[in-house]
Amino acid sequence: MILYPAIDLKDGQCVRLYKGEMDQATVFSDNPAAQARAFQDAGCEWLHLVDLNGAFAGEPVNAAAVEAILAETSVPAQLGGGIRDMATIEAWLAKGLARVILGTVAVENPDLVRQAARAFPGQVAVGIDARDGRVATKGWAEETDVMVTDLAKSFEDAGVAAIIYTDINRDGAMQGPNIAATAALANAVSIPVIASGGVSSLADLIALRDCGAALNGAISGRALYDGAIDLAEALKVLKEQA
């Protein structure tokens with residue numbers, strides 16, 4: 001199971017939100033590229049980047065910070081937030097991103113997801129963010145009647161590289177991940193699932209890995225910044241007990 005350190009970008013800074021609320025942001029670094037380099041130096045194999053402003057604006061906002069991260073690091077990175085058309089997908093992949101994450105458009109324009117996945121095999125992931133099992137879009141500001149598993153299953157034949165599943169009510173709350181919901185989703189689809197939201201301890205990571213589901217990875221942000229999870233130690237433990 002791959003551990004993805006999260007770098008959430010707001011106004012050019014590295015922040016963490018509480019349950020997706022933009023007005024409840026804690027700034028952890030004003031140098032996202034240096035933070036990314038620190039994660040790489042600790043041994044991470046991937047980076048998870050989110051353009052929070054972009055998710056609300058519907059277009060890239062923190063592009064300069066993302067480009068600085070790509071220039072400063074050599075490990076693959078995936079990015080979500082404000083990526084809603086083919087031109088933006090192509091531009092980001094051309095700049096060196098390993099994978100783009102499509103969230104809002106997965107609900108509003110699923111054909112774009114399929115088109116992108118065909119055009120860029122292995123480089124398109126679907127981000128499914130949910131409250132109480134229902135998908136939320138546009139930076140989690142709008143809730144839909146779409147159920148998580150239904151949306152995930154609709155992309156079974158699309159060739160997407162992964163599904164990043166976030167339980168919004170757990171995100172940034174340091175209350176542990178929703179293991180039952182994550183496992184249910186991972187067992188319902190053949191697409192690799194990456195868990196996000198609430199991963200706050202090494203025990204959480206081990207529980208996710210051992211939950212019996214086909215989990216491809218887990219994302220952690222606040223716990224790494226707060227020191228609740230030591231990245232180097234977590235990577236070592238996950239590798240040892242894999």
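The values are calculated or read from the model by the stated rules, or taken from the named source; none is laboratory data. Being a predicted model, the structure only gives us computed values, none of them experimental. Ideal geometry is used to build each Cβ from the backbone, glycine not excepted, and the neighbour counts take in all protein chains shown. Ligands, DNA and RNA are excluded from the accessible area calculation, which covers all protein heavy atoms including side chains. Shrake-Rupley method; radii C 1.70, N 1.55, O 1.52, S 1.80 Å.
General observations
- Scan region 152-178 for residues that are surrounded by fewer than 20 Cβ atoms within 10 Å (Cβ to Cβ) and either of a type in the set (A, V, I, L, M) or without any contact (Cβ under 8 Å) to a residue 24 or more places away in the chain (or both) and the total you get is 4.
- Flag if residue 218 is farther than 30 Å from residue 119 by Cβ and not aromatic (Phe, Trp, Tyr): no
- Entirely in region 1-100, the strands (runs of 3 or more DSSP E) that have 1 or more residues that are open to solvent by 30 Å² or more (accessible area, probe 1.4 Å) and among the aromatic types (Phe, Trp, Tyr): 13-18, 21-29
- Whichever residue in region 1-58 is of a type in the set (D, E, K, R), in contact with a strand residue (DSSP E or B) (Cβ under 8 Å, 6 or more places away or on another chain) and touching a residue at least 40 places away in the same chain (Cβ under 8 Å) and, among such residues, is farthest from residue 69 (Cα to Cα): 16
- Among residues of region 93-106 that are of a type in the set (S, T, N, Q), those with a beta-carbon under 9 Å from a residue that is not in a loop (DSSP other than H, G, I, E, B) at least six positions away or on a different chain give the pairs 104/55; 104/127; 104/137; 104/142.
- All of 24, 13, 35, 40 fail the test of being at pLDDT below 95 and polar (S, T, N, Q), apart from 24.
- Of the helices (runs of 4 or more DSSP H) that lie entirely inside region 120-234, those containing 1 or more residues that are more than 30 Å from residue 30 (Cβ to Cβ) and modelled with pLDDT of 90 or more span 148-153, 179-188, 202-209.
For (1) touching a helix residue (DSSP H, G or I) at 6+ places or on another chain (Cβ under 9 Å); (2) of a type in the set (Phe, Trp, Tyr); (3) within 28 Å of residue 238 (Cα to Cα), each residue gets a yes or a no:
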residue: 21; (1), (2), (3): no, no, no
residue: 25; (1), (2), (3): yes, no, no
residue: 72; (1), (2), (3): yes, no, yes
residue: 86; (1), (2), (3): yes, no, no
